[in-house]
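Below you'll find the structure, written out as structure tokens, and then a few comments.
The values are calculated or read from the model by the stated rules, or taken from the named source; none is laboratory data. Keep in mind it's a predicted model, so treat the numbers as computed, not measured. Don't worry about glycine lacking a Cβ; one is built from the backbone with ideal geometry, like all the others, and counts go over all protein chains shown. The area values use the complete protein model at the heavy-atom level, side chains included, leaving out ligands, DNA and RNA. Shrake-Rupley method; radii C 1.70, N 1.55, O 1.52, S 1.80 Å.
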Amino acid sequence: MDIGNLIRMANRIGDFFDAMPDRPEAVEGVANHIQKFWEPRMRTELLEFLARHPDGVDNDITLSPIVLEAVQGNRERLTPKTAVH
């Protein structure tokens, strides 16, 4: 999937939760939504983008501050589990 598209999707999720008055609850909402509803490949691509661009910025692609905070603070739980054979 195109990383620009993923970032736009993530930022829309962030826009929804950013309206909440309780910042920690909003950040948790973003992380929870991405964990529950994004397939593992999407989460992997987002995490790889942040590994390459820790500030969430790559030219004209910018991750919103709330999404950046949510993903950085929940990297372990957002990392897809590998299948054990």
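A few remarks follow.
- Test: Ile7 is β-branched (Val, Ile, Thr), at negative phi, touching a residue at least 24 places away in the same chain (Cβ under 8 Å) and open to solvent by less than 20 Å² (accessible area, probe 1.4 Å): yes
Residue-wise test of (1) polar (S, T, N, Q); (2) at pLDDT below 95; (3) open to solvent by 30 Å² or more (accessible area, probe 1.4 Å).
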residue: Phe16; (1), (2), (3): no, no, yes
residue: His33; (1), (2), (3): no, no, yes
residue: Leu50; (1), (2), (3): no, no, no
residue: Thr79; (1), (2), (3): yes, no, yes
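- Within segment 42-53, being without any contact (Cβ under 8 Å) to a residue 40 or more places away in the chain and touching a helix residue (DSSP H, G or I) at 6+ places or on another chain (Cβ under 8 Å) holds for Arg43, Leu47, Leu50.
- Contact annotation: residue pairs with Cβ atoms under 8 Å, 6 or more positions apart or on different chains, pairing a residue in segment 58-75 that is closer than 11 Å to Arg8 by Cα with a partner that is open to solvent by 50 Å² or more (accessible area, probe 1.4 Å) and of a type outside the set (A, V, I, L, M, F, W, C), are Ser64/Asp15; Ser64/Asp18.
- Matching helices (runs of 4 or more DSSP H) fully within segment 26-79 where at least 3 residues are under 9 Å from the mean Cα position of the chain (by Cα): 40-52, 65-73
- Residues being charged (D, E, K, R) and within 11 Å of Val27 (Cβ to Cβ) - total across segment 51-72: 1
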